[in-house]
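The values are calculated or read from the model by the stated rules, or taken from the named source; none is laboratory data. Not measured: the values here are computed from a predicted model. Cβ sites come from the backbone with ideal geometry, for glycine too, and all protein chains shown count toward neighbours. Heavy atoms of the whole protein, side chains included, go into the accessibility calculation; ligands, DNA and RNA do not. Shrake-Rupley method; radii C 1.70, N 1.55, O 1.52, S 1.80 Å.
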Amino acid sequence: MAARHSPRFEKLCEDVKKNVRELTVDNVKAKLDKKEKFHLVDVREESEWAKDHLPQAVHLGKGVIERDIEKAIPQTDAPIILYCGGGFRSALAAENLQRMGYTNVWSMNGGIRGWREKGFPLVKGE
């Protein structure tokens with residue numbers, strides 16, 4: 001079940017998503033299966049990351065990604081897929097990365113909840 005958010009937050013995300021490219025959970029799974037090269041970034045809170053996350057993902061939380069992205073991924077044309085719980089925080093982060101000059105950023109619509117619903121593998125803990 002999708003989390004309920006405040007109307008203003010949902011409106012903000014709706015507006016942001018018009019400017020952000022999105023991939024489905026199935027698209028991201030296919031890219032992983034084909035061993036395509038891209039950076040998979042979990043932007044959730046550290047406690048959410050610690051519970052479980054997608055295979056091959058790295059953690060750069062929404063609160064620090066803008067500050068830390070240039071050290072973690074200095075190439076502004078590198079393919080980057082962001083995900084969160086459902087696709088809102090990742091869309092917000094994707095827009096900010098685009099504003100910082102990153103040109104190949106995607107948000108995974110459906111987030112880790114959509115990934116779980118499909119029964120795709122997750123990494124526990126860390």
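Would you mind stating whether GLN56 is polar (S, T, N, Q) and in contact with a helix residue (DSSP H, G or I) (Cβ under 7 Å, 6 or more places away or on another chain)? Considered against the rule, which asks whether it is polar (S, T, N, Q) and in contact with a helix residue (DSSP H, G or I) (Cβ under 7 Å, 6 or more places away or on another chain), GLN56 comes out as yes.
Looking at the stretch 52-106, which of its residues are basic (Lys, Arg) and part of a loop (DSSP other than H, G, I, E, B)?
Passing the criteria: only LYS62.
Please tell me if LEU32 is modelled with pLDDT of 95 or more, within 21 Å of GLY125 (Cβ to Cβ) and in a strand (DSSP E or B). No: the conditions fail for LEU32.
Residues of the stretch 53-85 that are touching a residue at least 40 places away in the same chain (Cβ under 8 Å) and within 23 Å of LYS124 (Cα to Cα): HIS53, LEU54, PRO55, ALA57, ILE80, ILE81, LEU82, TYR83, CYS84, GLY85.
Of the residues making up the stretch 93-112, those that are crowded, with 21+ Cβ neighbours inside 10 Å and of a type in the set (A, V, I, L, M, F, W, C) are ALA93, ALA94, LEU97, VAL105, TRP106, MET108, ILE112. For the criterion of being more than 22 Å from GLY125 (Cβ to Cβ), open to solvent by 30 Å² or more (accessible area, probe 1.4 Å) and touching a strand residue (DSSP E or B) at 6+ places or on another chain (Cβ under 6 Å), PHE88 fails. Taking the criterion of being open to solvent by 50 Å² or more (accessible area, probe 1.4 Å) and under 17 Å from ALA93 (Cβ atoms), the residues of the stretch 19-51 that qualify are ASN19, ARG21, GLU22, HIS39, GLU45, GLU46, GLU48.
When LYS62, LYS71 are screened for being open to solvent by 50 Å² or more (accessible area, probe 1.4 Å) and at pLDDT below 95, only LYS62 passes.
Residue check: is VAL16 in contact with a His (Cβ under 9 Å, 6 or more places away or on another chain), open to solvent by less than 40 Å² (accessible area, probe 1.4 Å) and either farther than 25 Å from GLY101 by Cβ or among the hydrophobic types (A, V, I, L, M, F, W, C) (or both)?
So VAL16 does not fit the description; no.
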